[in-house]
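Enquirer: Would you mind keeping the following structure in view while I ask a few things?
Only the coordinates and a few stated rules stand behind these numbers; no lab work does. Worth saying up front: this structure is predicted, and the values here are computed from it rather than measured. Glycine also receives a Cβ, built like all others from the backbone with ideal geometry; neighbour counts cover every protein chain displayed.
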Amino acid sequence: MVEVLQFLKDFEAVIYFLLGAGGIWYIYGFGRAWQEMRSAVFGLERDSAQRRLNAAAVSMFVLFALGLTVFVLVTFVAPVIPAGEIVPTQEIRLGETPVGTLSVDGTQEAGVAADPLATATPLPTVAIAEDGCVPAQLVFSAPEAGSTIRGNVEVTGTVDIENFGFYKFEVARADEALWLTIQAGRNPVIDNVLVESWDTSRLPPGDYVLQLIVTNNAGEELPACRIPVRIDPPAEEDA
């Protein structure tokens, strides 16, 4: 499920473009079938036009349903799934004798399977680009860079560019470039609330990076505005 949501988030604009192109094609076919059905003289012509009309209507409904499903998954479902990936654990069977032995110098001899976790490729760390935040266009007002946050947090800032399309507010651990979308919007925001109440207790305490990404109406994504923060446990857990 996480992989599917990540794929939809990465290719959201492409999916909308393909669905939109398909919708235009079927709308055109629906209009032609409607005109042919109205001008048909013979029953066979009318029946043929009616079948094409019904097929175009069903196709438009399916494309609309797919687009709505993608929007709901990316905007509302993805933000509630915790960031991170599931790491497989090594199975331990009670009563089973380990295979192979260790040599005197502590190295592993042949015949002993290597630990799969030892060869796992770590995720890249998050790079914080200083030129991504542009005053009066793409910038955080709160929280401030380097601040410590906990519990429910109000996120404010500005997302206002020429030919505005939409924006996304995302978060990732500082040591893992695996972004989690918290909020998305299709209206510009000028020094106002981006997220009214973000529950940071859903994430493990630690160092994180917040980012604002804005895409223009041509589908071009501008450099992200990123700031580092630290998330602490809620106050009741500190007691």
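Enquirer: Exposure proxy check: L194, L44 ranked by fewest other beta carbons within 10 Å?
Expert: L44, L194
Enquirer: Nearest 0.05, what FRET efficiency do E45 and T69 give at R0 = 41 Å with Cβ-Cβ as r?
Expert: Calculated transfer efficiency: 0.65.
Enquirer: Another question, if that's okay. Between R230 and V4, how high is the FRET efficiency from 1/(1 + (r/R0)^6) when r is the Cβ-Cβ distance and R₀ = 30 Å? Nearest 0.05.
Expert: 0.45
Enquirer: May I ask you to compute the full-extension gain from R202 to R186, defined as 0.36 nm times their residue separation minus their alpha-carbon distance, rounded to one decimal in nm?
Expert: Extending this stretch completely gives an extra 3.2 nm.
Enquirer: Would region 1-78 count as rounded, prolate or oblate if I go by the C-alpha gyration tensor, calling it rounded below 1.5 in a/c and otherwise prolate when a/b exceeds b/c, oblate otherwise?
Expert: Here region 1-78 falls in the prolate category.
Enquirer: What is the spin-label model distance, in nm, from E220 to E154 if the labels are put 7 Å beyond Cα along the C-beta direction?
Expert: 3.5
Enquirer: Something else: DSSP loop GluC sites (Glu not before Pro) in region 159-201 with at most 12 other Cβ atoms within 10 Å of their Cβ, which ones?
Expert: Answer by residue number: E162.
Enquirer: Could you list F61, F30 in order of exposure, starting from the residue whose Cβ has the fewest other Cβ atoms within 10 Å?
Expert: With the sparsest Cβ surroundings first, the list reads F61, F30.
Enquirer: Can you sort W179, W25 so the residue with the fewest Cβ neighbours within 10 Å comes first?
Expert: W25, W179
Enquirer: With a cut-off of 8 Å between alpha carbons and a minimum separation of six or more residues, what is the relative contact order of region 138-238 in percent?
Expert: Relative contact order, region 138-238: 36 percent.
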